[in-house]
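Undergrad: Before anything else, here's the structure in question.
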Amino acid sequence: MAKQLPAVLKNYNVFVDGDSYAGTAKTIELPEIVKKTEEYRGAGMIGDIDLDMGFEKMESTITYTGVDSRHFAQLAKCGVSDLPIRYVGAYERQDICKHVIREVYMRGSLKEFQLGEMELGSINEQELLYGVTYLKVVDDGFELCEIDLVNGICILGGVDKTSQINAMLGL
């Protein structure tokens with residue numbers, strides 16, 4: 001059986017509030033998915049275990065180059081889920097020379113806007129930190145993950161982890 005080689009990111013784009021940041025988005029740090037756990041040890045147990053309590057808060061950071069007045073409009077958005085953010089990455093599988101697309105859909109709000117250090121004659125950068133309340137990861141049309149912290153939705157690898165509880169609660 002042939003070994004699979006990694007897919008290499010060939011190019012990407014970032015859209016915030018529907019606007020493309022091609023050419024000015026330098027880096028993006030996508031959210032880290034961390035399960036919130038609580039340590040527990042009950043009668044008859046010989047050790048501690050971690051109980052699944054949902055998820056920790058999520059964040060994403062985008063570093064932009066130059067100056068862009070649209071960032072101030074992002075600050076004006078009201079609500080924890082009112083700012084749509086979309087990452088689209090084009091990857092090339094190095095073993096079969098096939099291109100694959102990863103899309104990451106997020107909703108949240110702008111938490112921090114670092115205006116950056118300005119230096120004459122240089123490409124200046126601003127780093128923006130977004131609180132993320134909604135995350136969906138799609139590879140070539142296949143949904144890998146959907147987490148909506150506000151609406152109690154969690155679908156991982158095609159397994160809906162919350163619909164039964166939501167239905168019992170009338171949500």
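The values are calculated or read from the model by the stated rules, or taken from the named source; none is laboratory data. Treat the numbers as computed from the prediction; the structure is a model and nothing was measured. Every residue, glycine as well, gets a Cβ built from its backbone with ideal geometry; the counts of neighbours run over all protein chains shown.
Undergrad: S81 passes all but one of (1) assigned to a strand (DSSP E or B); (2) under 14 Å from the mean Cα position of the chain (by Cα); which number fails?
TA: (1) is the only condition that S81 fails.
Undergrad: Ok, one more. For the range 49-73, name all the residues that are surrounded by 10 or more Cβ atoms within 10 Å (Cβ to Cβ) and not in a strand (DSSP E or B).
TA: E56, K57, G66, V67, D68, R70, H71, F72, A73, listed by residue number.
Undergrad: Taking the criterion of being hydroxyl-bearing (S, T, Y), closer than 24 Å to E143 by Cβ and at pLDDT below 95, would at least one residue in the range 66-74 satisfy it?
TA: So far as the range 66-74 goes, no, none of its residues is hydroxyl-bearing (S, T, Y), closer than 24 Å to E143 by Cβ and at pLDDT below 95.
Undergrad: Can I ask one more? Is at least one residue of the range 112-119 over 18 Å from F142 (Cβ atoms) and aromatic (F, W, Y)?
TA: Yes, the range 112-119 has at least one match.
Undergrad: Which ones in the range 144-153 are in a strand (DSSP E or B), surrounded by 15 or more Cβ atoms within 10 Å (Cβ to Cβ) and within 14 Å of the chain's Cα centre (by Cα)?
TA: Initial filter on the range 144-153 (in a strand (DSSP E or B)): 144-148, 153.
Right, trim to surrounded by 15 or more Cβ atoms within 10 Å (Cβ to Cβ) and you get 145-148, 153.
Of everything in the range 144-153, those that are in a strand (DSSP E or B), surrounded by 15 or more Cβ atoms within 10 Å (Cβ to Cβ) and within 14 Å of the chain's Cα centre (by Cα) turn out to be C145, E146, I147, D148.
Undergrad: Moving on. Identify the residue in the range 93-135 that is over 17 Å from G18 (Cβ atoms), part of a strand (DSSP E or B) and polar (S, T, N, Q) and, among all such residues, is modelled with the highest pLDDT.
TA: T133
Undergrad: Next up: Any residue in the range 20-36 that is free of Cβ contacts under 8 Å to residues at least 12 places away in the same chain sitting within a Cβ distance under 8 Å of a residue that is crowded, with 16+ Cβ neighbours inside 10 Å? List the pairs, counting only those 6 or more apart or interchain.
TA: Every condition considered, the pairs that remain are S20/V14; A22/V14.
Undergrad: How do the pairs read when you match residues in the range 47-60 that are under 15 Å from P31 (Cβ atoms) and touching a residue at least 24 places away in the same chain (Cβ under 8 Å) with residues anywhere that are small (G, A, S) and surrounded by 10 or more Cβ atoms within 10 Å (Cβ to Cβ), using Cβ under 7 Å and keeping only pairs 6 or more apart or on different chains?
TA: Once the first residue is under 15 Å from P31 (Cβ atoms) and touching a residue at least 24 places away in the same chain (Cβ under 8 Å) and sits in the range 47-60, its partners that are small (G, A, S) and surrounded by 10 or more Cβ atoms within 10 Å (Cβ to Cβ) give K57/G131; E59/G131.
Undergrad: Also: Within the range 14-22, can one find any residue that is in a strand (DSSP E or B) and in contact with a helix residue (DSSP H, G or I) (Cβ under 7 Å, 6 or more places away or on another chain)?
TA: Among the residues of the range 14-22, at least one is in a strand (DSSP E or B) and in contact with a helix residue (DSSP H, G or I) (Cβ under 7 Å, 6 or more places away or on another chain), which makes the answer yes.
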